[in-house]
Amino acid sequence: MNIINDFAEIAESYISESKNNPVYPSRESLKKMHELVEPFPENPMDASGVLSLLNAKGSRATVKSTGGRYFGFVCGGSLPAAMSAKLLATVWDQNAGLSVMSPIAALLEEISSEWLLNIFGLPANTAVGFVTGATMANFTALAAARHSLLKKAGWDAEGQGLFNAPEITVITGDEVHVSLLKALNLVGFGRERIVRVPSDNQGRIMAEKIPQFKGPTVLCLQAGNVNSGAFDPIEEICRNVNRENTWIHIDGAFGLWAGVSEKLRHLVRGIELADSIGTDAHKWLNVPYDSGLVFVKDKQTLLTALSASAAYLPEISQREPLQLVPDMSRQARGVPIWAALKSLGRKGLSDMIESNCRHARKFADGLKKAGFTILNDVVINQVLVSFGDSATTLGVIKRIQEEGTCWCGGTNWQGKTAMRISVSSWATTDEDVNLSLAAMLGAAEKEIKNQGQPILNK
Ligand SMILES: *Cc1c(COP(=O)(O)O)cnc(C)c1O
C-alpha cells in the first residue's frame, strides 16, 4: 500500500531531522501550523495528500520530546521497539476491551502484567489494569479503595453512591501531586476535606506528623515527587499505621521505576505492603503516549468496584482487560508495554533508569560547580536549580528555551523559583548532557551579564 511507504518515509525523515532541529518549534513553524485552520472542507482529499499536508504543516510544530535533549516536565521518550509495536497495533486496530475482541492484545497484557509484578516485587495475584496514565491509575485505585472501605462499613458504594455514606478520612502529604487531588475529587472524596500532612524540605511526608485516625481511611503516599524526585518513607509508614480500616495508595507515576535498579531499590522499599499503586508507562518506561498502569493487591475488590454487567458481555472465566479499568473499548496498551519490556529486559531497563540518574547528577554537579544552587538532593533523575533570584532564574529558563539546544521548564519549589531538569528519556547520551549543560551555563552567563550582576565563579 502506498500510504504505508509514504508514512515510512515521513517518519524516517522526522526522526532523523529531530536530532538537529531545535527542541521547541520555531516561531515560523508555529505560524505555519495555523495554515491548517480552514472551514470544514466540502470535498475529499486522498490519504496521501492528508498525510503529506499534516507533515508539511505539523511535523515542525512538535516538541522534540523523543530526542535526547528534552528535560521538561517528566515526559520520557519513546523506545524504538515500543514506538514501532504501537504503530503495528494501530494497523491491527484491535479493541482491547475483551479477549474475544483481540486475543493477542489480551495475551500481551497478561504477559506484561506478570513481568511487571516480577519487576516491582509485587504479589503474583495483584490485579494490573492498563489505563491512559497515572491520573487514571490513581483514580481507578481510589475507586477500589472506596469500594473496599465502604463495604467493610456496611455500605454499598456502587449501588448507593456517597450520599449518606459513612465518612472516609483521606490523608495525603503536603506535596501531593495535583492530579491525585483531582482523582480524589472525581471519586467523590472532595479535595477540600483532605487532611494534608506536612512534608520535609525534600517533599517527603513526615511520618511522625501523620495524625492518629479511626474509621475508614485512605492514606496516599508518593514514590517520586514530581519536582525533587523524593520518596515518602513508604515501608516505615505501611508498618506503623493502623491498617485495620486503612487503604494505603501509592502514587508512583515515575518514581516507581527506580525499583528496577538494584542500586535504587531501597527507595521504594515497602511498596508491596500497599493496597494499590498507580504509575505511568509513558514517563520512565519510555512507551509512547498514552499509557499508565494500576496495581491493586486485592483483585476481587477492583473487579467489584469497576463491575459493569450487560447481557452481551461473556461470562468471566479468565482475565478480561475491561474488568480492570474504567474503559470498555480502548486501544491495545499492552502491546507497546510488552515491546518495551521485551526489548530492554531486566538489564536494559535497569541501565536506562541508572543512566538517566547518572546524567541528572552530572547536570547537578556541573551547575553547582559554576556557582548555582541545587535545591534538592538528587536521589533519582530530577534536578532543581536556582540561578539566583526569581527574575534571574526565569530569565535563564527563557533564554535556554529560546536558544533551542535543550528544553527545561520552570517550577516553584517550596516558595523558590527553580528550573527543573528531568532526565527521563532512553535517548539521552553523554553528548546530549554536555551540549545541554553548556547551553544552560551559556544562557545563565548571558542573563547575568545582561542584568549587570557579577558573573559567578566559572
Ligand atoms: C505525572 C504525574 C502524575 C500524573 O500522571 P499523568 O500520566 O499525567 O496522568 C501523577 N503523579 C505524579 C507524581 C506525576 O509525576
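Just to be sure I understand: if I project the alpha-carbon convex hull of the chain onto a plane and average over all orientations, what area do I get in nm²?
On the way: hull surface 99.1 nm².
For the Cα atoms of the chain, the hull's average projected area reads 24.8 nm².
Assuming a ≥ b ≥ c are the square roots of the Cα gyration tensor eigenvalues, decide whether segment 264-391 counts as rounded (a/c under 1.5), prolate (otherwise, with a/b larger than b/c) or oblate.
prolate
Restricting to Cα atoms and excluding each atom paired with itself, what does the Kirkwood estimate give for segment 134-175 in Å?
Taking the inverse mean of 1/r over all distinct Cα pairs, segment 134-175 comes out at 11.3 Å.
Size of segment 60-196 along its principal axes in angstrom, Cα-based, largest extent first?
Principal-axis extents of the Cα atoms in segment 60-196, largest first: 50, 40, 31 Å.
Please report, to one decimal in angstroms, the Kirkwood hydrodynamic radius of segment 91-139 built from all distinct Cα-Cα pairs.
On the way: mean 1/r = 0.0829 Å⁻¹.
Final number for the Kirkwood radius of segment 91-139 is 12.1 Å.
What is the P(r) of segment 1-146, as percent of Cα-Cα pairs per 10 Å bin from 0?
With a bin width of 10 Å, the distribution comes to 8, 25, 30, 24, 11, 1.
Which far-off residues, 5 or more places away or on another chain, put their amide H under 5 Å from the one on Val197, with H placed in the peptide plane?
Answer set, sorted by chain and number: Thr172, Gly173, Asp174.
Pairs of Cα atoms under 8 Å, at least six residues apart: use those to get the relative contact order of the chain, whole percent.
22 percent
Output the antiparallel fraction of DSSP beta bridges having both residues in segment 188-259, as a percent to the nearest 5.
Details: 2 of 8 bridges.
For segment 188-259, the DSSP antiparallel bridge percentage is about 25.
Roughly how many whole Å is it from the C-alpha centroid of segment 139-180 to that of segment 77-131?
28 Å
State the antiparallel share, in %, of DSSP beta bridges confined to the chain, rounding to the nearest 5.
In the chain, approximately 60 percent of DSSP beta bridges are antiparallel ones.
Given the convex hull of the Cα atoms of segment 191-313, what is a quarter of its surface area in nm²?
Details: hull surface 41.1 nm².
That works out to 10.3 nm², a quarter of the Cα hull's surface.
Take Phe387, Phe7 and order them by how many other Cβ atoms sit within 10 Å, fewest up front.
Phe7, Phe387
Along the charge dipole of the chain, which of Ala61, Pro326, Trp426 sits closest to the positive end, that is, farthest toward it, with unit charges on the beta carbon of Lys, Arg, Asp and Glu (+1, +1, -1, -1)?
Positive-most Cα among the choices belongs to Trp426.
So what's the projected area for segment 353-458, the Cα convex hull averaged over all directions, in nm²?
About 6.1 nm², averaged over all directions.
Give the lysines whose C-alpha is closer than 24 Å to that of Lys64, dropping any in the same chain fewer than 8 places away, or say none.
In chain and number order, the partners are Lys19, Lys31, Lys32, Lys86, Lys283, Lys362, Lys398.
In deg cm²/dmol, rounded to 500, what helix-only [θ] at 222 nm does the chain give when every DSSP H run of at least 4 residues adds -39500 (n - 2.57) and the total is split over its residues?
One gets -13000 deg cm²/dmol as the mean residue ellipticity at 222 nm.
Sequence neighbours fewer than 8 away in the same chain don't count; with that in mind, list the lysines whose C-alpha is under 17 Å from Lys299.
Within the straight-line limit of under 17 Å, Lys299 reaches these lysines: Lys151, Lys152.
Evaluate the Kirkwood expression for the hydrodynamic radius of segment 342-388, namely the inverse of the mean inverse distance over all pairs of different C-alpha atoms, and round to one decimal in Å.
11.6 Å
Rule-based calculations on the coordinates, nothing more; no lab input. Quantities reported herein were computed from a predicted structural model and do not represent experimental measurements. Cβ sites come from the backbone with ideal geometry, for glycine too, and all protein chains shown count toward neighbours.
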